Structure formats: C-alpha cells, structure tokens
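Encoded as structure tokens, the structure appears first; notes follow it.
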Amino acid sequence: MPAPLDTTFIPTVRSYLLGRTVQLDQLEDLVTKDLELLNIETLAALQEARHQHSLIEDKQSEDAGSEYKRIKVNGYFQAAIQLELNRR
C-alpha cells in the first residue's frame with residue numbers, strides 16, 4: 001500500500017529581494033509590487049535551476065535532486081504568481 005501523501009508541506013522560497021521567506025499560500029497577502037519582485041526572482045531561480053540541472057550528468061545524484069527540487073518549487077511559485085497577478 002502506498003504511503004499517504006504529505007499535505008502539510010507548503011513550498012517556501014527565501015526571497016532576497018523581499019528580505020524574507022514567503023510561503024506559497026501567502027501570495028494573495030503580498031502587495032502587487034512585492035508580488036512582481038517575487039515573480040522576477042522565482043523566474044530567474046527557475047531558469048538557473050533548469051540550467052544547472054541540465055549540466056549534471058548523473059541525474060540520480062544528490063546535486064541533481066537538489067536542483068530538481070528547486071525547479072519544482074520555483075515552478076509552483078511561477079504558476080501561483082501568474083494566477084494571482086491575473087486575478088488582480
């Protein structure tokens with residue numbers, strides 16, 4: 001029997017532009033200017049992680065796993081930010 005999904009995990013990013021950690025479920029609380037800055041930051045992080053992941057030969061390595069996690073988290077933020085910006 002598969003393990004139950006952990007629904008308590010909420011993705012977070014450490015934003016250097018905003019000077020704090022932001023949770024995925026906090027995006028609606030950000031003012032538009034901060035949301036736009038986070039958009040820029042997570043898009044850049046997503047592109048960088050994709051590039052770094054592509055350079056790793058052993059995709060089963062710990063380094064590849066770390067970059068893959070960065071891709072997933074920043075991808076989630078990009079999707080959620082776009083939804084929130086379109087909602088406004």
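Derivation of every value follows stated rules applied to the coordinates shown; laboratory data play no part. Computed from a prediction, not measured in an experiment: that's the story for all the values here. Cβ atoms come from the backbone with ideal geometry, glycine included; neighbour counts cover every protein chain shown.
Applying a DSSP loop filter and a limit of 16 other Cβ atoms within 10 Å to the GluC sites (Glu not before Pro) in the chain leaves Glu57. Dipole check for the chain: with +1 at the C-beta of Lys and Arg, -1 at the C-beta of Asp and Glu, and the Cα centre as origin, the magnitude is about 180 Debye. Once each of the chymotrypsin sites (Phe, Trp or Tyr not before Pro) sitting in a DSSP loop with at most 13 other beta-carbon atoms within 10 Å is removed, the chain keeps 17-88 as its longest stretch.
Here is the tail figure for the range 12-87: Cα pairs spaced more than 22 Å apart come to 26 percent of all pairs.
Label sites at Arg88 and Glu36, each approximated as a point 7 angstrom past Cα along Cα to Cβ, lie 0.8 nm apart. Note on Lys59: lysines with a C-alpha under 19 Å away, same-chain residues under 8 apart excluded, are Lys69, Lys72.
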